[in-house]
Amino acid sequence: MTTTSNKSQLAIIFFTVFLYLVGFGVVIPIIPLLSKNFGATALQTGLLLSVYSLMQFLFSPFWGRLSDRMGRRPILLFCLLGEGLSYILFAWARSLEWLFVARLLAGFFGASLSTASAYISDITPKHERSKGMALIGAAFGLGFVVGPALGGLLAVWGHHINEAPHFDTSFSFCWVAALCFANFLFGIKFLKESLSEKSESAAKKKRFSVMWQYLNTKTVGALMSVFLLSSLAMSGMEATLILFMGDKFQWTIKQVSFGFAYIGLIIIFTQGFLVRRMLPKFGERQVLRVGLVCFAVGLTTIAISDTLFGMAIAMTLLSLGNGLSNPSVLGSISLLTDPKEQGAAMGVTQSMASLGRILGPAIGGALYGSVAMTAPFWVSGTLAFAALAIVIINFKLIPDHARVG
């Protein structure tokens, strides 16, 4: 592919990942409405969020390996179509059971995020690999900001149009489905296949044997462990920050939402601009190390902050750290993996992140309720420092291809 063609393909992938995250985030402000409309308990509404990540954990390696065998384009397009249909089902669900079916399907098709990462691996040269992966993170951050806001606005708009039961939530999910279908049609016309050589054996290994294989691969396994620890730390923080800010600073959900939007904007700036300037100057190793230091310090600063100014410093540090470290980890794993196995490697890596999003909120919530309100942030900071220790131990084995000169 030419440079111009690569840029257009990257734009399509960016929008695809953005839509996945919008779909994940749009349900967050709608959860109270769903609870009211369907009589769901707090546990059931929490599970409605968790099952999405559970499906991503189970099926990210599946889609990644299948894309190594069949190509990236058909998998991405099929999953975009399936994602849109899952939101149509969500819109017309009239029982809690059908809501779970719709959410499970959304997670199943959304697990193809690993294929999007593999696509970037295919079309970016080694010295641009981590910068390309930063686009995934920027799309994550943007979706993290836009998703909840869009969900709330669409629900309000829908209620204004028609006050009938369920119309507001159905209206919201129909719009998300329309975005998925629009991107599907756009992809049919403009998305080109990125995989030059398909692997016939890629889809023959069992899911957990593939995970075990990569986790036991020198350096790659260590970096996947770093990605898991970072995801655990981040999701544990996210799950308890609302409670912490309410109990300590008497913040409302609205104020905390602005706080999360700030985190998202910093991540967008870091991965969309800053990391792309730092990688050519310092390389993956240094950027990853600096990112994890900022991330760990930011998380532990939450636990010791007694003022909103201290919290602002903590949020800035952890956002910068997350934005710097994630693309460096993804890019390094890609560089250390055989070109024929990019889908499988990215699938296992995203699966580790999903496992963190499943376990993190449960661990954080348990610590907050049973130990102390600061406990989740001490533990998250410790997990981040553990990830940093792994990087320091393997420092000389981590690629440095992005560095120029």
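The reciprocal of the average 1/r between distinct C-alpha atoms defines the Kirkwood hydrodynamic radius, which for segment 31-123 equals 13.9 Å.
Shown for Ile242, Ile161, Ile267: other C-beta atoms within 10 Å of each C-beta, ranked fewest to most, produce the order Ile161, Ile242, Ile267. Of the complete DSSP H runs in the chain, those spanning 18 angstrom or more by Cα along the long axis with a mean Kyte-Doolittle score not below -1.0 are 3-25, 42-70, 72-92, 96-110, 129-161, 167-190, 220-249, 253-269, 275-304, 308-335, 342-370, 375-393. For the chain, the gyration tensor built on C-alpha atoms gives an oblate shape. Its axis ratio a/c (a ≥ b ≥ c) is at least 1.5, and a/b is not larger than b/c. Decide, for segment 211-303, between rounded, prolate and oblate: order the square roots of the alpha carbon gyration tensor eigenvalues as a ≥ b ≥ c, take rounded if a/c falls under 1.5, and otherwise choose prolate if a/b is larger than b/c, else oblate. Oblate, since a/c reaches 1.5 and b/c is not below a/b. When GluC sites (Glu not before Pro) are flagged only if DSSP places them in a loop and at most 11 other Cβ atoms lie within 10 Å, the longest unflagged stretch of the chain comes out as 201-405.
Where a number appears in this text, it was derived from the coordinates with a stated rule and is not lab data. Keep in mind that this is a model prediction, so the values were computed, not measured. With ideal geometry, Cβ positions are generated from the backbone for all residues, glycine too; neighbour counts draw on all protein chains shown.
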